[in-house]
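The values are calculated or read from the model by the stated rules, or taken from the named source; none is laboratory data. Owing to the predicted nature of the structure, the values given are computational and were not obtained by experimental measurement. Please note: Cβ atoms are built from the backbone with ideal geometry, for glycine as well, and neighbour counts cover all protein chains shown.
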Amino acid sequence: MSGTAEAIAWRFVAFEALTTRELYDVLQLRSEVFVVEQACIFQDMDGADAQAMHLLGTLAGQLVAYARCFAAGAKFAEASIGRVATRDRVRGSGVGHVLMQQALAYLLQQWGPQAIRIGAQARLEHFYRQYGFVKTGAPYIEDGIPHIEMLRPASVQT
């Protein structure tokens with residue numbers, strides 16, 4: 001998969017600007033990762049998609065990376081990034097890191113420099129630490145999976 005991350009085309013769009021095909025691909029990838037792979041029954045379509053900006057990474061016409069970003073006040077008091085997912089065929093190629101770099105850059109471009117809060121799966125704490133996020137509270141269980149809240153202070157440089 002050498003060069004995979006560099007070949008991805010990125011699109012950052014509001015919910016209303018998603019094509020029908022893009023919306024289907026997003027829901028399919030999120031279901032594949034969060035419901036099937038993680039064997040977690042939860043309500044993925046949580047009513048928040050219409051408030052989000054959606055980051056789609058496509059490779060050869062297939063959605064391989066995705067995240068949704070929110071302005072401050074939508075999910076948390078701070079801006080936030082969630083539903084971070086990569087298709088399993090690209091994992092280990094650096095796509096997850098490029099996805100986070102892109103999500104941070106687009107979020108800050110859209111809403112300006114500010115703190116960003118996430119509700120991360122606890123097993124990914126080290127991954128998010130690499131992007132300036134620090135644990136801010138006690139672990140909690142969400143949809144049967146251990147999570148932690150993490151905050152990236154506004155002072156962290158992109």
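Inspect the range 23-32 for any residue being closer than 19 Å to residue 95 by Cα and among the aromatic types (Phe, Trp, Tyr) and give the result as yes or no.
no
Which condition breaks for residue 126 when tested against (1) under 13 Å from the mean Cα position of the chain (by Cα); (2) over 14 Å from residue 10 (Cβ atoms); (3) assigned to a helix (DSSP H, G or I)?
Every listed condition holds for residue 126 apart from (1).
So which residues in the range 84-96 are in contact (Cβ under 8 Å) with a residue 60 or more places away in the chain and surrounded by 14 or more Cβ atoms within 10 Å (Cβ to Cβ)?
Residues satisfying the conditions are 90, 93, 94, 95.
Which count do you get for residues in the range 102-128 that are exposed (fewer than 15 other Cβ atoms within 10 Å of the Cβ) and without any contact (Cβ under 8 Å) to a residue 12 or more places away in the chain?
The total comes to 3.
Would you check if residue 34 is within 23 Å of residue 146 (Cα to Cα) and touching a Cys at 6+ places or on another chain (Cβ under 8 Å)?
Here the answer is yes, as residue 34 does meet what is asked.
Every residue, every condition in (1) modelled with pLDDT of 95 or more; (2) part of a strand (DSSP E or B); (3) touching a strand residue (DSSP E or B) at 6+ places or on another chain (Cβ under 6 Å), yes or no:
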residue	(1), (2), (3)
101	yes, no, no
109	yes, no, no
141	no, yes, no
157	no, no, no
